[in-house]
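No value in this document is a laboratory result; all are computed from the given coordinates. Because the structure is a prediction, the values reported are computed rather than measured. Because the Cβ atoms are built from the backbone with ideal geometry, glycine has one as well, and the counts that use them run over all protein chains shown.
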Amino acid sequence: MAETDSATTADLALELETQEMQTRGLWSDAFRRLVRNRLSMAGLVIFLLLFITAIFGPYIAPYPYMLQNLDRVAEGPSADYLLGTDDLGRDMLSRIMWGARTAGIVAIISTLFSLILGTILGAVAAYAGSWTDWLVGRAIDVTMSIPQLLFASLMAATFRKPVADWVDSMHESTGLEFFATPTYVDLIVVFGALSFIQWPGYARLIRGQILSLREKEFIEAARAIGVSQAKILVKHLIPNALGPLIVLVTFSFGGAIVAESGLSFLGVGVQPPQASWGAMIQDNSLSWRYRPWLVAVPGLTIAIVSVGINFLGDGLNDALNPRQADS
């Protein structure tokens with residue numbers, strides 16, 4: 001009898017090991033499919049250029065983004081100003097580069113926060129079930145029933161003053177100059193607003209993935225050999241749900257950039273003089289008929305970045321879900 005139990009345990013362990021090897025093979029196949037997709041590679045280049053510009057752009061920009069040259073106001077593209085100047089004589093190219101830093105920071109941090117929150121809530125809801133699942137499900141339904149940009153605008157406008165008061169109190173109590181920069185208030189408000197509207201998508205995706213995975217044979221095998229519930233969740237369930245999650249994260253980068261631009265355009269996001277593509281469009285919107293490049297340059301930048309990230313997301317979706325792509 002003992003030999004039979006030992007053989008059964010060995011078979012279950014072998015099944016788990018086989019599942020892990022198959023998972024590694026699927027990732028390598030997905031990478032090869034992604035590389036063969038030209039549009040996704042173009043999107044990857046745009047994606048990398050965005051973050052390279054966000055990191056190094058301020059150091060290689062021709063001029064400081066707040067520098068005004070009142071003798072060269074609202075000029076078209078020239079040798080001195082490759083993308084022209086705005087109504088205050090600021091270089092558009094430099095502000096676009098600095099705006100990439102704003103867009104990149106917002107995209108990374110807001111997506112990271114919403115990913116962590118959504119993954120935790122979705123995983124716990126799916127695996128715990130009962131009232132926990134019901135409670136998280138109702139929170140998802142309520143949050144997703146409200147128009148996202150409207151909800152984010154409401155949150156940004158509501159919490160701006162409390163956040164500003166908190167930053168001022170921190171500056172007074174600590175004396176740190178870090179808390180003396182108004183830009184941090186804008187960024188904290190935008191991070192919070194975008195994270196709160198994005199987390200339900202992650203929670204719903206993770207919940208659905210885990211509900212379908214937790215009855216699979218390799219999960220049953222893990223339970224049979226005594227693997228703890230927490231370890232099953234962290235080591236087996238969440239990693240096997242990573243494919244769709246990576247696709248959603250990629251699309252969320254583009255969505256966060258567009259949403260941040262929308263909030264800044266409405267005046268509740270990143271405020272001047274900090275460079276933001278949405279704020280640049282708002283600042284120059286009245287000049288559209290006379291100096292269209294002031295609106296077209298940041299607008300086209302948002303469009304190119306958003307389309308490029310969508311190409312990358314589509315390529316990742318095709319690579320990680322080959323059956324869906326073939327159908």
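Brief remarks follow.
- Sparsely packed chymotrypsin sites (Phe, Trp or Tyr not before Pro) within the stretch 244-323, loop by DSSP, other Cβ within 10 Å at most 12: Y290
- A Förster radius of 22 Å combined with the Cβ-Cβ distance from L211 to R138 puts the calculated FRET efficiency at roughly 0.85.
- Overall form of the stretch 112-155 per C-alpha gyration tensor (a/c, 1.5; a/b vs b/c): oblate
- Net charge of neighbours whose Cβ lies under 12 Å from the Cβ of A139, counting Lys and Arg as +1 and Asp and Glu as -1: +1
- Additional length obtainable on full extension of the chain from L48 to V307, 0.36 nm per residue less Cα span: 91.9 nm
- A simple charge model with +1 on the Cβ of Lys and Arg, -1 on the Cβ of Asp and Glu and nothing else charged puts the dipole of the stretch 57-215 at about 640 debye relative to its Cα centre.
- Full extension of the chain between T174 and I246 gives 22.0 nm of extra length, using 0.36 nm per residue less the Cα-Cα distance.
- With the simple model of a label 7 Å out from the Cα in the direction of the Cβ, N69 to L150 spans 4.5 nm.
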